[in-house]
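Rule-based calculations on the coordinates, nothing more; no lab input. As the structure is a computational prediction, the values presented were derived from the model and not from experiment. Counting neighbours? That spans all protein chains shown, and the Cβs are built from the backbone with ideal geometry, glycine included.
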C-alpha cells in the first residue's frame, strides 16, 4: 500500500499523524511532513493508514492499495 | 425554533430567486432550548433537503449535509469569510485572521499558527495537567458543582493564558469577561452594554500587556505578545490595533468554545457509565472519545460565509453578497458519511468530523482544545470516577446564534476527603 497527501488540500488538522504515529509526523506548524509526497505503508501499518485517510476532514489523503 | 412558511408579501429580494426544489424556512436558532434541540433540528432539516432558503433576518441560504458543508469550507474563492454571521451581513467588527481571505490570510495566520501547533501545545502539557489536577482537587471534597461555571470555563482559560505567556491566575479577570461577552453576543439586546464593557476589559488587558512589551529590544521566550511585537507582515511591524485584534479574537474564539465542548462531553460521561468506565480502564481511548464528542456534540450549530461570486451551488443560484449558513452540527451527524451517526462510539474509526471547520480557516486552536479536553477527562476521572447529573428540570443550552453550550451542568458525586 502507498499513501499520498495532497499538499493543496491539507490544512493541518493533525488527525493523520495522531492516528498513524509510526507512519507520519508533524512539522513545527502542525502540518504532516509528507505533504505532497507518496510514501510506502508497511503491511503492519495499513489499518492505521486507513484510519488516518478516513479521518481527514479535507479528504487530502489517498491510499493506493497494492 | 420553528419551521414555517414566510409571511405573505415578504419583501426579501433573494426570495424571488429561490428555485422550486429549495424549501423555504423561517428559522431563528438563537433562543435557548432544551439540550439537544439544535442537533435534532439540524438532523430534521438535513433529511428534508440538502439546501434551504431561510427568511430569518435579511434571508440566507442554508446547507445541511456533510459534502456541501465541506465544499463551502474548501472554496473560499466562492464562500468568503469577510462575513461569518449570516444574519449580520455588515458587521461592525473585523476578526483577524478569521475574516481575511486567501491569499492575504496566510500572512496573518502564519504569525500565530506555530504558537498553537502540536509541538507548542506539548510544551505546556505538564502545566495543563497541573492546572486540571488543582481544579479537580478543589472540587472533589464538595461533592457537587455546576460543571460549566466551576470547571469547564476555568480550566481552558488558565491553560490558554499559560500558552500565551501571561499569568494563569488572570483567569479571575477573563472568566467573567468571556461570560459577559457571550451573554450579549447571542443577540440578547438587554445584555449589549455588559458585552461592550467586557470587550473593553479584554482589550484594556492586552493594551497594558502590549505597553509593557513595546519598548523591549529582547524577545521574551514563550510570550505571544512579545512575539507579535517582534513580528512583521510584508516587512512592516504590526500596529497596535492589529495585535489587539488578534489577541481579542483568540480570547473570544478559544475559551467559550472549549467550555461548551467540555460541558457536553462531561454530561455524556455522567449519563453513560459504560463509556466512563471504559475510559478509566483504557485511557488510550480518551483522544478518540474527545473526537467523537466533537462530532456528535458539535457546538457550531452552523457557520456563515458571504458569497464572493455568482455561482450555481447544488441548484441554488447564489449571487455575490448573499449570505450562506452551513449546518456543521448536521453535517457531523450525516448518515451519508457516518454509520450510527447519532450514537457515541468511543473508538469510532474514520472520524473526519468538521467540528474544527475545514479549509483555510480550520480552527487554529484545535490542537490546544483537544489537549485541554483530554487532560480534563484524565484528571477528573482519576479523582472522581463516578458522577451523575442531578437536576429537577431539563438541562438548557444557549442558542446557536453564537456557539452552543449548556447553560448549567449540575454534577454530583461522593465527596472525597
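Things to note:
- The separation of segment A:26-41 from segment B:124-153, counted between C-alpha centres, amounts to 36 Å.
- With coordinates expressed along the principal axes, the C-alpha atoms belonging to the protein assembly as shown extend over 65, 60, 59 Å, beginning with the largest.
- For chain A, the spread of Cα coordinates along the three principal axes comes to 30, 19, 18 Å, biggest extent given first.
- When the inverse distances between all different Cα atoms of segment B:197-251 are averaged and flipped, the Kirkwood radius reads 11.6 angstrom.
- For the segment B:348-359, counting C-beta atoms of other chains within 10 Å of every residue's C-beta and taking the mean gives 5.
- When the inverse distances between all different Cα atoms of segment B:165-260 are averaged and flipped, the Kirkwood radius reads 14.4 angstrom.
- Fewest-first ordering of B:242, B:228 by other beta carbons within 10 Å of each residue's beta carbon gives B:242, B:228.
- Calculated [222 nm] ellipticity per residue, helices only, for the protein assembly as shown: -12500 deg cm²/dmol; basis is -39500 (n - 2.57) per DSSP H run with n ≥ 4, divided by all residues, nearest 500.
- Number of partner chain Cβ atoms within 10 Å, mean per residue of B:107-117: 2
- Relative compactness, segment B:1-135, computed as alpha-carbon Rg over 2.2 N^0.38 Å: 1.40
- Spatial separation of Cα centroids for segment B:306-339 and segment B:165-235, in angstrom: 33
- Shown is the FRET efficiency for residue B:390 and residue A:21, computed with R0 = 35 Å from the Cβ-Cβ distance and rounded to the nearest 0.05: 0.30.
- Mean projected area in nm² (Cα convex hull; one quarter of hull surface) for segment B:273-398: 10.4
- Counted by neighbouring Cβ atoms within 10 Å, the residues B:131, B:246, A:38 run from fewest to most as A:38, B:246, B:131.
- Alpha carbon centroid spacing (whole Å) that separates segment B:348-417 from segment B:240-255: 23
- Coarse-grained scattering of chain B at q = 0.12 Å⁻¹, given as base-10 log I(q)/I(0) from a Debye sum over alpha-carbon atoms: -1.01
- The relative contact order of segment B:324-412 comes to 17 percent, based on Cα pairs under 8 Å that sit 6 or more residues apart.
- Taken residue by residue and averaged, Cβ atoms of other chains lying within 10 Å of the Cβ of B:147-157 number 0.
- Per-q log10 I(q)/I(0), segment B:59-202, q = 0.12, 0.18 Å⁻¹ (Debye; single scatterer per alpha-carbon; no solvent): -0.76, -1.26
- Proxy reagent accessibility, fewest Cβ within 10 Å first, across B:178, B:249, B:372: B:249, B:178, B:372
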